[in-house]
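A.B. asks: Dropping the structure in here first, questions after.
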Amino acid sequence: MNRTRIISAILLIAFGAGAGFLIARSLSPQTSAEGDREILYWTGPMDPSYRSDKPGKSPMGMDLIPVYKDEAGGASGGEPALQLNPSVINNIGVRTARVQRGSLHRITDAVGFVEPNDDLVSVLHVRSEGWIEHLFFKTEGEFVNKGDVLFQFYSPVIANAKTEYIQALRIGRSSLLAAANERLLSLGMDQDQIDTLRKTGKPKRLVDVRALQDGVILDLNVREGAYVQPGMTVLSLADLNSIWVQVEVFEDQANWVENGQRVIMHLPFIPGRLWEGVVDYVYPTVDEKSRTVRVRLKFDNTDQVLKPGMYTEISIYGKELKDALSIPREALIRAGKSERAILALGEGRFRPAQVVSGIEVGDRVEILSGLNEGEEIVISSQFLIDSEASLVGSLLRMDGRESLAPTAGDADASLTEMSGKARPAIIEGQGVVNTTMPNMRMINITHEPIKALNWPVMTMDFITSKNIDLSKLEKGAAIRFTLMPDNNGSYMITAISLRDAEGGQ
């Protein structure tokens with residue numbers, strides 16, 4: 001019987017020791033059930049500004065939750081992570097993508113208008129005065145072939161030169177004949193017409209004027225019977241087998257565009273068809289009013305589909321950017337001068353990452369710094385996650401701040417920004433110290449009514465400014481304190497003194 005009691009006692013002691021070990025392990029503030037993750041502090045689930053160095057209850061009566069080192073950015077000063085429940089992630093539709101490395105083309109989009117290629121435009125003038133008696137093409141836009149007779153005109157000067165040529169031919173003097181031949185050429189007759197005159201020996205009254213190239217008539221400035229003279233443009237012909245497109249790009253994009261770069265063009269009213277051309281010329285000046293630079297593009301147009309005056313949409317492909325880090329454009333969050341993306345760390349954890357973006361190509365953005373190849377980023381619902389991260393203060397640390405609560409330096413900076421404006425009122429109160437947490441710069445006070453804020457008697461936690469030494473305050477000490485509003489709409493204690501003594505601590 002005694003032996004049985006001894007064995008039972010030993011088993012009870014062993015069981016109690018094991019249970020005690022397990023309970024102690026579960027309550028240890030430096031570990032977690034998820035592994036040996038280090039706990040930095042405990043915080044209120046509804047009030048992230050409340051911190052404690054051990055588990056317990058928040059001022060609202062809720063169980064405190066741990067903040068782990070890897071979630072708070074660790075000792076390296078990284079961004080705090082945000083933990084989301086899997087059901088929340090599913091409900092808000094979080095999607096992710098990988099940071100990729102590859103080639104990007106800088107693309108400049110613009111609109112432009114088709115115009116004739118000036119290199120293929122010929123202008124027709126007469127070299128002596130006269131009258132147009134027969135006009136064979138009477139409408140702009142008509143197509144003519146090289147050698148077609150455009151019009152016939154009578155010129156007294158050319159008629160006299162023809163007569164002189166026939167006389168020189170009859171005399172037979174080569175010098176006179178050569179001089180007469182040169183005179184007819186200078187007046188606009190071609191050598192074939194002169195040879196015909198030499199064979200027939202009879203000068204024609206009218207002179208045929210022929211097209212020097214294939215093309216369409218652009219400008220027609222005469223009618224039958226019109227008097228023409230040197231210096232007057234009778235008409236112009238344009239070969240539309242090659243055309244130009246004039247576009248304008250913003251001055252900050254002008255350095256992206258160079259001669260010879262590939263260009264893709266499409267017309268909104270001809271869907272499904274693309275034209276490929278090249279940058280022919282970048283003009284050297286900037287328009288002072290529109291702040292744009294003109295760029296001339298060149299395209300083949302053998303089927304004559306492109307017509308002068310047509311509206312086009314253009315994409316100019318710049319130099320290839322090799323080995324570039326990029327993310328989907330929808331993943332980039334721009335807020336003022338800052339840019340960031342949301343990293344997906346796995347297991348429902350997310351962290352804002354400050355980035356610097358480069359060029360945008362289609363639906364992708366180059367990342368110059370802030371992300372690494374292969375990292376996973378959020379591409380949908382990232383604004384919701386970013387807002388939640390702001391709630392817990394992670395974005396404050398992006399500005400170089402070290403805690404979720406404003407510091408005394410922050411209050412001073414706030415006052416500096418308000419120079420010239422009404423300074424915030426200084427509010428005084430009295431109370432009794434319950435607990436202090438010097439490492440967290442927090443103090444728990446049961447204060448008397450504060451009329452300036454319409455506060456009744458309450459027990460509250462406050463963040464204190466850096467100049468206050470909380471280690472000298474004991475539990476139960478009666479104090480006077482000064483409150484100042486912070487940037488988040490809460491109040492910070494900026495000065496404390498004992499009620500039975502003068503001087504601040």
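The values are calculated or read from the model by the stated rules, or taken from the named source; none is laboratory data. As the structure is a prediction and not an experimental result, all values here were calculated from the model. Neighbour counts run over all protein chains shown; Cβ positions are idealised from the backbone, glycine included.
Yes/no matrix, rows are residues, columns are (1) in contact with a Phe, Trp or Tyr (Cβ under 9 Å, 6 or more places away or on another chain); (2) surrounded by 17 or more Cβ atoms within 10 Å (Cβ to Cβ); (3) farther than 30 Å from Leu384 by Cα:
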| residue | (1), (2), (3) |
| --- | --- |
| Trp244 | yes, yes, yes |
| Glu276 | yes, no, yes |
| Asp280 | yes, yes, yes |
| Lys307 | no, no, yes |
| Ile327 | no, yes, no |
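A.B. asks: Only one of Lys298, Lys307, Lys289 is assigned to a strand (DSSP E or B), more than 30 Å from Pro86 (Cα to Cα), basic (Lys, Arg) and not assigned by TED's automatic domain parsing to the domain that holds Gly215; which?
C.D. replies: One residue alone meets the criteria, Lys298.
A.B. asks: Identify, please: which residue in segment 225-274 is of a type in the set (A, V, I, L, M, F, W, C) and in a loop (DSSP other than H, G, I, E, B) and is, among those, nearest to Trp131 (Cα to Cα)?
C.D. replies: The extreme case among them is Ala226.
A.B. asks: Lys421 - would you say it is at pLDDT below 70 and among the charged types (D, E, K, R)?
C.D. replies: yes
A.B. asks: Looking at segment 145-160, which of the residues that are surrounded by fewer than 20 Cβ atoms within 10 Å (Cβ to Cβ) and among the aliphatic types (A, V, I, L, M) is farthest from Gly201 (Cα to Cα)? Quick ask: steps written out before the conclusion?
C.D. replies: Filtering segment 145-160 for residues surrounded by fewer than 20 Cβ atoms within 10 Å (Cβ to Cβ) gives 145-149, 152, 154, 156-157, 159-160.
Filter again for among the aliphatic types (A, V, I, L, M), leaving 149, 157, 159.
Details: Val149: 22, Val157: 18, Ala159: 13 Å.
Among those that are surrounded by fewer than 20 Cβ atoms within 10 Å (Cβ to Cβ) and among the aliphatic types (A, V, I, L, M), it is Val149.
A.B. asks: Among (1) at pLDDT below 90; (2) surrounded by fewer than 19 Cβ atoms within 10 Å (Cβ to Cβ), there is one condition Phe350 misses while meeting the rest; what is its number?
C.D. replies: Unmet condition: (2).
A.B. asks: Looking at segment 327-372, which of its residues are in contact (Cβ under 8 Å) with a residue 60 or more places away in the chain and of a type in the set (Val, Ile, Thr)?
C.D. replies: Residues satisfying the conditions are Ile327, Ile359, Val361, Ile367.
A.B. asks: Take segment 241-269 and flag every residue that is out of contact with any helix residue (DSSP H, G or I) (no Cβ under 8 Å at 6 or more places or on another chain) and either under 30 Å from Val126 (Cα atoms) or of a type in the set (Gly, Ala, Ser) (or both).
C.D. replies: Ile243, Ala254, Gly260
A.B. asks: Give Lys289, Lys322, Lys298 a once-over and let me know the one that is without any contact (Cβ under 8 Å) to a residue 40 or more places away in the chain and either closer than 21 Å to Val249 by Cβ or within 25 Å of the chain's Cα centre (by Cα) (or both).
C.D. replies: Values: Lys322 fails: without any contact (Cβ under 8 Å) to a residue 40 or more places away in the chain; Lys298 fails: without any contact (Cβ under 8 Å) to a residue 40 or more places away in the chain.
Testing whether each residue is without any contact (Cβ under 8 Å) to a residue 40 or more places away in the chain and either closer than 21 Å to Val249 by Cβ or within 25 Å of the chain's Cα centre (by Cα) (or both) leaves just Lys289.
Condition check ((1) under 25 Å from Asp53 (Cα atoms); (2) of a type in the set (Phe, Trp, Tyr); (3) part of a strand (DSSP E or B); (4) at pLDDT 85 or above) across all residues:
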{"residue": "Val433", "(1), (2), (3), (4)": "yes, no, yes, yes"}
{"residue": "Asn444", "(1), (2), (3), (4)": "yes, no, yes, yes"}
{"residue": "Thr459", "(1), (2), (3), (4)": "yes, no, yes, yes"}
{"residue": "Glu474", "(1), (2), (3), (4)": "yes, no, no, yes"}
{"residue": "Phe481", "(1), (2), (3), (4)": "yes, yes, yes, yes"}
{"residue": "Ile493", "(1), (2), (3), (4)": "yes, no, yes, yes"}
{"residue": "Ala501", "(1), (2), (3), (4)": "no, no, no, no"}
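A.B. asks: Can you name every residue in segment 51-84 that is in a loop (DSSP other than H, G, I, E, B) and modelled with pLDDT of 70 or more?
C.D. replies: Those that are in a loop (DSSP other than H, G, I, E, B) and modelled with pLDDT of 70 or more: Asp53, Lys54, Pro55, Gly56, Ser58, Pro59, Gly61, Met62, Leu64, Leu84.
A.B. asks: For segment 139-189, which positions are part of a helix (DSSP H, G or I), farther than 20 Å from Pro230 by Cα and either in contact with a Leu (Cβ under 7 Å, 6 or more places away or on another chain) or in contact (Cβ under 8 Å) with a residue 40 or more places away in the chain (or both)?
C.D. replies: Correct list: Thr163, Tyr165, Ala168, Leu169, Leu177.
A.B. asks: Also: Within segment 169-184, identify whether any single residue is closer than 30 Å to Ser242 by Cβ, of a type in the set (Val, Ile, Thr) and not assigned by TED's automatic domain parsing to the domain that holds Arg262, and answer yes or no.
C.D. replies: There is no residue in segment 169-184 that is closer than 30 Å to Ser242 by Cβ, of a type in the set (Val, Ile, Thr) and not assigned by TED's automatic domain parsing to the domain that holds Arg262.
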